[in-house]
Amino acid sequence: MQKRLLLLFSVAMAIMLFFVADVYSAEECYPCLADSDNDGDVDGIDTIKFSIEGDFNDNGAVDSEDWTIFSADFGRTDCYCNDDPKKVLVVYNGACNVDTNENGMSDNLELALYYQLKRKIPDSNLLSVFPSISGGCGVTYSTSQYALFYEEIVTPIKDRLATLGEENILYFLFIGTPSGISEASYGKLSADHMLMTINSIVPSSMNVLSPNPYFENSPEMGIDVGNFNHDDYKFAGEDMYLFSRLTSKWQVDGARYGEEYILNEDGYFSGLGYIDTRFGEYSEDYLRENFPWFSPAQVDNYEYADKRMAYGTVILEDAGWDYRWETTEKEIGEASAIFTDGESAEIAPDTLWYAGWYNYNKYPDGFLWLPGAIACDLDSNSGSMIPSATSFLKGAFEKGLTAGTGVVSEPYVFGHPKPEIFLWGMLQGFNFSEAVGMSSKVARWKTIAYGDPIYNPNKSKRKVRDTLPPVIIQVYSDANENSDTVYSITARIDTNSEPEAVEFMIEYGHDNYGNVIEYDNVFSTEKTFTLSELSPGTDYRYRVTVRDPVGNISSSEGTFVTSLDGIVPPKPTITAFNQTGYAPLSVDFSTVQEEAVEYEWDFGDEETSTEQNPVHIFEKPGFYEVVVTAIFPDGLTSSAQIVIVAK
């Protein structure tokens, strides 16, 4: 009987190892008592369950219920399941009702629901707050508004933590909430960085500049910080939290693609690392022998910081990533910038990892960001996103960066996230929020981070190649108001199934595809082309082509006609009687455009309708941009959209 049990166990272990050999490493805790897909099964045990009713390891527990039996093969038993979406509290601004894309839902709610859907965040982990500054859409609380900050932001978060259990949340994800709070002596601080220590914030006064218990100064020397958890990392004896914020759906889509496909092996989706320092090249031996105790003494001056950032080359080398290094006072992307191999540094192709400095008040447009790319540029306003600002991260996100960290105002060298530590954390399989947290020497200061908090491209995972062509789910044309020579074409790819990211190209013309807007090296999931200098009253055809990072392509064709006299009918109105719900979700739609003779509905799930007021059932969970196009007697078209979220 014991031999049979031993044989059964050995076979079961062999089967399990076959499935997970490329999924888990000795550094990753397994099994993790999380259920991220909410199917009732612990993650990692979904496909294989043991039915052996013996006690193979003689520990007094039945094997089928005994998690410690795996500890010898799967590493740590102190499992914190750090990429578990249940540990993310999404805090979004419910007071600001701006609807930039005019799809019937405020930008903040739309982004919160999009993230919830893509990451399977529980409903209870969505919290709307209602700041009052600047009509609800303000960016920074003034010094005199600290009490408002406490009342409108701190108190609701504390209340929700009390409901969920403080220990059950590790990350705050902010969407549209004020990112700054002014302080009399130090200027603008990061509200997010303050909220890192929310349990130590008091209503009467603002305390700033405290040591960060999760800071990692010298990775792989002595004892490094581990995965963030509430047992080992506290602030003033209280639970603390890591943080980030989202400003676009691309930060979610890019993270999903990178997490699925990035793998530093031949034949898989990969890229390059880039390091940018200013004071010349240091030898590898010098960097290895002296990090982190460089001369001059550890005072966080410019020369010291430069040497630390140069150590990023060692970090990339040890992690097995190819990299390029710029060592002059020019920054990557600028004229005359040069890499240490003698090649021009005006363009940085295939960028996945960037750490360096000093792009103050500028973004040199030389990085060709791949989906999943991360960045940290040390400068005095690296993370400012206010509309009037020019900053490195603002420019980088406009060009396709997935995640990055910086500061909201002058932090001094000591107070900026350390780019080389952030890089190390991301390459070692920590998630984005952990990498940001460990790179910041202080808490309650000026650090800000943009991206999916649980984005983790280098964790141990199954090996997957992106072999399928992207699916163009929607393409529609729209006449520009009061113009007979301008037309807009919008194309979207499917993001409701596999992670995907593409760059877009369009060809168009009257008799042939004689005009081309080429790929622009910016990856996304949606793009609007504005076609200009067209001929009035003319039939055109077009072809949109999308290409993903590994070269898979798809195309879609269509036609449009320009206005003869520049008079374009107004957009149709569109109404949906329930924009959110659970799949299968039945939605009644209606539209009005008195001059239209036909209607074309595209529901974003490969289903269409020509009825004026259709009823449609969304069978599967997804985020659907529903478009109605009104067609007029002269062939002109005008479109409107509304978003439907089926959970």
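The values are calculated or read from the model by the stated rules, or taken from the named source; none is laboratory data. Everything numeric here is computed off the predicted structure, so don't read it as measured data. Heads up, the Cβs are rebuilt from the backbone with ideal geometry, glycines too, and the neighbour counts pull from every protein chain shown. Heads up: the accessible areas ignore ligands, DNA and RNA and are worked out on the full protein's heavy atoms, side chains in. Shrake-Rupley method; radii C 1.70, N 1.55, O 1.52, S 1.80 Å.
In segment 548-566, which residues are open to solvent by 70 Å² or more (accessible area, probe 1.4 Å) and under 18 Å from Asp478 (Cβ atoms)?
Glu557, Thr559, Leu564, Asp565, listed by residue number.
Can you tell me how many residues in segment 591-608 are under 13 Å from Val628 (Cβ atoms), hydrophobic (A, V, I, L, M, F, W, C) and part of a loop (DSSP other than H, G, I, E, B)?
The number of residues fulfilling the criteria is 2.
Right, Ile473: in contact with a Ser or Thr (Cβ under 7 Å, 6 or more places away or on another chain), open to solvent by less than 40 Å² (accessible area, probe 1.4 Å) and not acidic (Asp, Glu) or not? Please lay out each step first, then the result.
Working: in contact with a Ser or Thr (Cβ under 7 Å, 6 or more places away or on another chain): no; open to solvent by less than 40 Å² (accessible area, probe 1.4 Å): yes; not acidic (Asp, Glu): yes.
Against the criterion (in contact with a Ser or Thr (Cβ under 7 Å, 6 or more places away or on another chain), open to solvent by less than 40 Å² (accessible area, probe 1.4 Å) and not acidic (Asp, Glu)), Ile473 does not qualify.
Among strands (runs of 3 or more DSSP E) lying entirely in segment 490-556, which contain 3 or more residues that are in contact (Cβ under 8 Å) with a residue 60 or more places away in the chain? Please lay out each step first, then the result.
Values: elements: 503-509, 515-517, 526-531, 539-547.
Counting at least 3 such residues, we get 539-547.
Of the residues that sit in segment 437-481 and are out of contact with any helix residue (DSSP H, G or I) (no Cβ under 8 Å at 6 or more places or on another chain) and assigned to a strand (DSSP E or B), which one is modelled with the lowest pLDDT?
Ranking the candidates gives Ala479 first.
If I filter segment 593-610 for residues that are in contact with a helix residue (DSSP H, G or I) (Cβ under 7 Å, 6 or more places away or on another chain) and within 22 Å of Glu110 (Cα to Cα), do I get at least one hit?
The answer is no; no qualifying residue exists.
I'm trying to understand the selection: among the residues of segment 609-623, which are in a loop (DSSP other than H, G, I, E, B) and not hydroxyl-bearing (Ser, Thr, Tyr)? Before you say what the answer is, go through the steps one by one.
Taking segment 609-623 first, the residues in a loop (DSSP other than H, G, I, E, B) are 610-614, 619-621.
Of everything in segment 609-623, those that are in a loop (DSSP other than H, G, I, E, B) and not hydroxyl-bearing (Ser, Thr, Tyr) turn out to be Glu611, Gln612, Asn613, Pro614, Glu619, Lys620, Pro621.
Just to be sure I understand the filter: pairs with C-beta atoms under 6 Å, separated by 6 or more residues or on different chains, first member in segment 626-647 and closer than 30 Å to Ser124 by Cα and in a strand (DSSP E or B), second member open to solvent by less than 10 Å² (accessible area, probe 1.4 Å) and of a type in the set (S, T, N, Q). Which pairs pass?
Pairs found: Gln641/Asn103; Ile642/Asn103; Val643/Asn103.
Taking the options Asp588, Asp565, name whichever one is touching a residue at least 12 places away in the same chain (Cβ under 8 Å) and either touching a Leu at 6+ places or on another chain (Cβ under 7 Å) or not in a strand (DSSP E or B) (or both). First the steps, then the outcome.
Numbers: Asp588 fails: either touching a Leu at 6+ places or on another chain (Cβ under 7 Å) or not in a strand (DSSP E or B) (or both).
Of the residues listed, the single one that is touching a residue at least 12 places away in the same chain (Cβ under 8 Å) and either touching a Leu at 6+ places or on another chain (Cβ under 7 Å) or not in a strand (DSSP E or B) (or both) is Asp565.
Please name all residue pairs, on different chains or six or more residues apart, with Cβ atoms under 9 Å, provided the first residue is in segment 282-293 and is over 12 Å from Met221 (Cβ atoms) and the second residue is open to solvent by 60 Å² or more (accessible area, probe 1.4 Å).
Once the first residue is over 12 Å from Met221 (Cβ atoms) and sits in segment 282-293, its partners that are open to solvent by 60 Å² or more (accessible area, probe 1.4 Å) give Glu284/Glu317.
Out of Ala491, Ala501, I need the residue that is open to solvent by less than 10 Å² (accessible area, probe 1.4 Å), closer than 30 Å to Leu378 by Cα and not aromatic (Phe, Trp, Tyr). Which one? Walk me through it before giving the result.
On the way: Ala491 fails: closer than 30 Å to Leu378 by Cα.
None of the others qualify; the one that does is Ala501.
Which residues, taken from segment 198-212, are under 26 Å from Gly429 (Cβ atoms) and buried (at least 16 other Cβ atoms within 10 Å of the Cβ)?
Taking segment 198-212 as the starting set, the residues that turn out to be under 26 Å from Gly429 (Cβ atoms) are 211-212.
The one that is under 26 Å from Gly429 (Cβ atoms) and buried (at least 16 other Cβ atoms within 10 Å of the Cβ): Asn212.
How many residues are in contact (Cβ under 8 Å) with a residue 40 or more places away in the chain and open to solvent by 30 Å² or more (accessible area, probe 1.4 Å) when one looks only at segment 157-173?
Here is the first cut: in segment 157-173, the residues in contact (Cβ under 8 Å) with a residue 40 or more places away in the chain are 157-158, 160-161, 164, 166-173.
Adding the requirement that they be open to solvent by 30 Å² or more (accessible area, probe 1.4 Å) leaves 158, 160, 164, 166-168.
Result for segment 157-173: 6.
Any residue at all in segment 391-402 that is in a strand (DSSP E or B), of a type outside the set (Gly, Ala, Ser), buried (at least 24 other Cβ atoms within 10 Å of the Cβ) and within 20 Å of the chain's Cα centre (by Cα)? Explain how you work it out, then say what you get.
Residues of segment 391-402 in a strand (DSSP E or B): none.
No: zero hits.
Let me spell it out: the conditions are (1) in contact with a helix residue (DSSP H, G or I) (Cβ under 7 Å, 6 or more places away or on another chain); (2) buried (at least 22 other Cβ atoms within 10 Å of the Cβ); (3) under 20 Å from Ile374 (Cβ atoms), and Gly176 meets all of them except one. Which number is the exception?
If we test Gly176 against (1) in contact with a helix residue (DSSP H, G or I) (Cβ under 7 Å, 6 or more places away or on another chain); (2) buried (at least 22 other Cβ atoms within 10 Å of the Cβ); (3) under 20 Å from Ile374 (Cβ atoms), just (3) comes out false.
Which condition from (1) of a type in the set (A, V, I, L, M, F, W, C); (2) open to solvent by 60 Å² or more (accessible area, probe 1.4 Å); (3) at pLDDT 95 or above is the one that Met221 breaks?
(3)
Could you tell me which numbered condition Ala319 fails, if it satisfies all but one of (1) among the small types (Gly, Ala, Ser); (2) within 25 Å of the chain's Cα centre (by Cα); (3) under 16 Å from Ile421 (Cα atoms); (4) open to solvent by 40 Å² or more (accessible area, probe 1.4 Å)?
Only one criterion is unmet by Ala319, namely (4).
Suppose the filter is open to solvent by 50 Å² or more (accessible area, probe 1.4 Å) and touching a residue at least 40 places away in the same chain (Cβ under 8 Å); does Thr328 pass it? Quick ask: steps written out before the conclusion?
Values: open to solvent by 50 Å² or more (accessible area, probe 1.4 Å): no; touching a residue at least 40 places away in the same chain (Cβ under 8 Å): yes.
When the stated conditions are applied, Thr328 does not pass them.
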